[in-house]
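Below: the structure, in C-alpha cells.
The values are calculated or read from the model by the stated rules, or taken from the named source; none is laboratory data. Here the structure is a predicted model, which is why all the values come from computation and not from measurement. Note: ideal-geometry Cβ built from the backbone for every residue, glycine included; neighbour counts use all protein chains shown.
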Amino acid sequence: MALCAVWSCFGQTPEDLKRALASGQPRDIAGAAYNIARENRQEMVPRLAALVASFQGGPIDDRTPVPPETAAMEAVADALIQLRANLPSDTIMHLYPQFPVQTIILLSRAPANTAALMDIFQRTRSRDLWLAAGNLLAVDPPPGFVRSLLSGVVASFVFRVVPPQGDTEMPESEGGCASDFFMVPDEAFRDWPKARMYRLGTGEHPANIFAPGIHPVGFSYWETTDYRDPWTDSDCSRGKSKYWRAGLLAGLQRKNPDDFPLEPETEETVPYSSPSSFEDSVRAAIQKQSWAFGDIVQTFLQSGALSIEDSLGLNLRCRIEVQDVRSEPREELPKVEGKWCAAAPPKPADLEPPE
C-alpha cells in the first residue's frame, strides 16, 4: 500500500490503516497513527494499544540517532494522547522510560494506575515527572505514599555569622543555571508525518493541566518531524522545586501552603557573642522545624493517612551551612552538624526530585 505523499491528506479506509499498522514498517505506522489522530478514529485505539504493548524500549541516548522503530512509537503515543485513550497502566508502562511525558499523560487517564505512578514517583530523577506523579497520587493516596513524602524531607539551614554589631540582613541568594538545547533535523525523517513532541510545564500557569494540585503540572507540545523530545526538566534552578514536597504535604492536610509550618529552607543571620549564644540560635531554629515536622507526622497518624508502623524512624533530617563573615582573627565556631537533627547526605544533583 502506498501512503499519501502529503500527510495532511485524508481518505485512508479502516482496512488501509489496519494494514499500515500491521506492516512492521515504521514510516507506514507513523503515517497511519497521524491520520488516525487527525480523523479521530476511536475504533483504532485497540490496535494502537497493541503496538504499545509489544514495544520494548529503553532510555533515549541523545548522542545517537533516533531509531525508526522508536520514532514510530512516538507517533503512536501521540495519537493515543490526542484520542484521549484510556489504556491499562501496564500497557502504558511499555513507553517508560523512553517517553516519560507521554507515559505520565496517558497514566493520568488510566484506571488502576496507582502502582505505576508509585513506581515513577519513587524512582524518577526528573523533578517535573516526580511532581506530576505526586499530584496524581495525592488524589487518593495509596499506602506508603505519605511515608515516602515524609522520608524525603530535608530542612536546609543557612546561618550567616556576623560580629555583634554586624549587618543582620541576609544577602540575596543567587541561583539558577544555564543550559543550551538545540535540535539538528534528522534527514531520515524528512518525509515522515509530523508528530507532537511533548514537554511538561510546571510554571505559574501551565497549559493543558492534567495533574492538578497546589503546584499543578501541565504539558505543551509542538508538531515536528524531528523525532526527539527535549529534556523534560529544562529549568535546572534549585529554587524551582524548593516548595513542591511541602506543597504536596500541605495539600494532603488541606492546608494553605502559606500557613504550612514546615519550611524547606531557613536563612538566619546570627550576631556572634559567644559559642553558647551561637549554639542557642542554631538549636532554636532547628527545633522549630523539628517540632513542625513532628506535628505534621502526628496529624497524618490521627487522620489514618500514616500508619504507626510507617511513622517509625521518621525524623527531620537537616543540611546545615554556616557562613562565617567575621573578620580575622576570630574565635572558632562550635560544630553544629548532626547535633539537634540527623545530618542529611550531600546535596543531590540539580535534577533530582526535591527534598
With the requirement that a residue be free of Cβ contacts under 8 Å to residues at least 40 places away in the same chain and within 19 Å of Glu352 (Cα to Cα), what does region 138-150 give you? Phe145, Ser148
Scan region 145-159 for residues that are crowded, with 16+ Cβ neighbours inside 10 Å and either part of a loop (DSSP other than H, G, I, E, B) or over 16 Å from the mean Cα position of the chain (by Cα) (or both) and jot them down. Val146, Arg147, Leu150, Val153, Val154, Ala155, Ser156, Phe157, Val158, Phe159
Here are some conditions: (1) of a type outside the set (S, T, N, Q); (2) at pLDDT 90 or above; (3) surrounded by fewer than 19 Cβ atoms within 10 Å (Cβ to Cβ); (4) out of contact with any strand residue (DSSP E or B) (no Cβ under 6 Å at 6 or more places or on another chain). His215 meets all but one. Which one does it not meet? (3)
Quick one: is Val6 at pLDDT 95 or above and either in a helix (DSSP H, G or I) or of a type outside the set (Gly, Ala, Ser) (or both)? no
So for region 293-306 (the condition being surrounded by 12 or more Cβ atoms within 10 Å (Cβ to Cβ), in a loop (DSSP other than H, G, I, E, B) and assigned by TED's automatic domain parsing to the domain that holds Pro275), does at least one residue qualify? yes
Failed item in (1) more than 29 Å from Ser237 (Cβ to Cβ); (2) outside the structural domain of Ala75 (by TED's automatic domain parsing); (3) of a type outside the set (A, V, I, L, M), with Asn113 passing the rest: (2)
Does at least one position in region 119-135 carry a residue that is of a type in the set (Val, Ile, Thr), closer than 24 Å to Ala250 by Cβ and touching a residue at least 60 places away in the same chain (Cβ under 8 Å)? yes
Ala50 vs. criteria small (Gly, Ala, Ser), free of Cβ contacts under 8 Å to residues at least 40 places away in the same chain and surrounded by fewer than 17 Cβ atoms within 10 Å (Cβ to Cβ): yes
